[in-house]
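The values are calculated or read from the model by the stated rules, or taken from the named source; none is laboratory data. Bear in mind that the values here come from a model prediction, so they are computed numbers and not experimental data. When we count neighbours, we look across all protein chains shown, and the Cβ atoms used for this are built from the backbone with ideal geometry, even at glycine.
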Amino acid sequence: VTKDLPAPQRIDEAVWAIALPLPYGQPAYTLCYVLLGDDGTLHLVDPGWDTPENRASLRAAISVIGLDLDALSTVIASHYHADHLGLAEHLRETTGAAVVISDVERAVLADRARSSRHDLEAYAGTLESWGVPPERHAELDAALVAASVPVHDLEPDRELRDGEVLELPGHRLSSVITPGHTEGHLCLVDHDRAVIYTGDHVLPKVNPGLGLGRVTDRDPLTDYLDSLERLEPYDAFRVLPGHEAPFSGLRQRRAELAQHHLHRIGEVVRLTRFLGDAPIWEYASRMTWSLGWDGLHGFTLHSALYQTEQHVKLVRSGYHPFRQVARDRSL
Ligand SMILES: [Zn+2]
């Protein structure tokens, strides 16, 4: 048992949060939500990473709260990443539960091209285009391999379109598709309980990574900023995120997350004046990083370069943060 793992938490008469550890360091665990139906059936939101330990500890945690995993009827995943969808296939096999994801995410899962991001040959081209000095290639290659997570080839039993309602016994969940973290990321709104399940779209402290799926023509950063605005009607709702801890104050958190990106975009706009078409490496090395530029190694360096690429691309496409702020104020 991991030291810092929180105990199962009761959210509501019929909703619990169970922390299931992840095999790598950060974040430490996924929050799996257990929904008890008014007919005794169980439903899960984000079942977590599939390890032998998690298979056993999910069952154990559910029995600690007085329920039985064999009553499982539905498994919903906010997105296809292994720390959320991971256990779904095993649970379907052992309990017969139906697996539900968004229609967009289903298409991502079905698209085998998604794995190309973790192709080292393709990555060599990326490092070249970013202008990464050759002596830093090896540590980035190693980080990419270490960070590659297994993707489950899974055909869901049901898909949810944006705005569709999933009727579970005692829980009405409205789908809000929030692209950004992944293309088909799904948030679920329970109006009766005034809660929103946000997966990795909104976390209380961590800034979610963006565009962590297949490569498309869409811009994950503008998608993400739009998706943050889409949650405005639920600002007073309690947030049940996929990691860290449940919290209130969605309005403020949405503002912080948008501000984080607008600040970065502002930095790029200023740098563009003298860096122009310079490669991503030149931009990233002049931006501010909480670890300091010299403190970035391996995966944190990769992540910094990737984020910088997204911000630079957006600025080069003509996006300007002050126009965005003006637009926000006019709403
Ligand atoms: Zn996650």
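Pairing each residue of segment 126-148 that is under 12 Å from residue 306 (Cβ atoms) and without any contact (Cβ under 8 Å) to a residue 12 or more places away in the chain with any residue that is loosely packed, with under 12 Cβ neighbours inside 10 Å and of a type in the set (S, T, N, Q), provided the two are 6+ apart or on different chains, yields no C-beta distance under 7 Å. You will find that of 56, 97, 61, the residue that is modelled with pLDDT of 95 or more and in contact with a Pro (Cβ under 8 Å, 6 or more places away or on another chain) is 61 and no other.
Select from segment 236-284 the residues that are charged (D, E, K, R), outside any helix (DSSP H, G or I) and surrounded by 16 or more Cβ atoms within 10 Å (Cβ to Cβ) and list them in ascending order. Correct list: 238, 244.
Residue 52 falls short of the stated requirement of being surrounded by fewer than 19 Cβ atoms within 10 Å (Cβ to Cβ), within 21 Å of residue 245 (Cβ to Cβ), more than 16 Å from the ligand (Cβ to nearest atom) and not β-branched (Val, Ile, Thr). For segment 161-175, the tally of residues that are closer than 13 Å to residue 189 by Cα and touching an Asp or Glu at 6+ places or on another chain (Cβ under 7 Å) stands at 4. Restricting 97, 71, 14, 60 to residues that are more than 16 Å from the ligand (Cβ to nearest atom), more than 22 Å from the chain's Cα centre (by Cα) and free of Cβ contacts under 8 Å to residues at least 12 places away in the same chain narrows the list to 60. Residue 287 satisfies every condition listed in (1) modelled with pLDDT under 90; (2) closer than 25 Å to residue 142 by Cβ except (1). Find all pairs meeting these conditions: Cβ atoms under 7 angstrom apart; at least six residues apart or on different chains; first residue within segment 190-215 and polar (S, T, N, Q); second residue away from the ligand (no atom under 13 Å from the Cβ). Matching pairs, first to second residue: 198/187; 198/239; 198/240; 207/257; 207/260. Every condition in (1) more than 13 Å from the ligand (Cβ to nearest atom); (2) of a type in the set (Ser, Thr, Tyr); (3) crowded, with 21+ Cβ neighbours inside 10 Å holds for residue 80 except the one numbered (1). Any residue that is in contact with an Asp or Glu (Cβ under 8 Å, 6 or more places away or on another chain) and within 16 Å of the ligand (Cβ to nearest atom) - is there at least one of those in segment 227-235? Looking through segment 227-235, none of the residues is in contact with an Asp or Glu (Cβ under 8 Å, 6 or more places away or on another chain) and within 16 Å of the ligand (Cβ to nearest atom). Per this entry, residue 296 is not counted among residues that are in contact (Cβ under 8 Å) with a residue 12 or more places away in the chain and surrounded by 13 or more Cβ atoms within 10 Å (Cβ to Cβ). Taking segment 185-212 as the range and being assigned to a loop (DSSP other than H, G, I, E, B) and within 10 Å of the chain's Cα centre (by Cα) as the test, the residues that pass are 185, 200, 201, 202, 203, 207, 208, 209, 210, 211, 212. Suppose we filter 202, 165 for residues that are crowded, with 22+ Cβ neighbours inside 10 Å and of a type in the set (Val, Ile, Thr); which single one remains? That would be 202, the only listed residue that is crowded, with 22+ Cβ neighbours inside 10 Å and of a type in the set (Val, Ile, Thr). Scanning segment 3-49 for residues that are at pLDDT below 95, surrounded by 13 or more Cβ atoms within 10 Å (Cβ to Cβ) and among the hydrophobic types (A, V, I, L, M, F, W, C) returns 5, 22, 28, 49.
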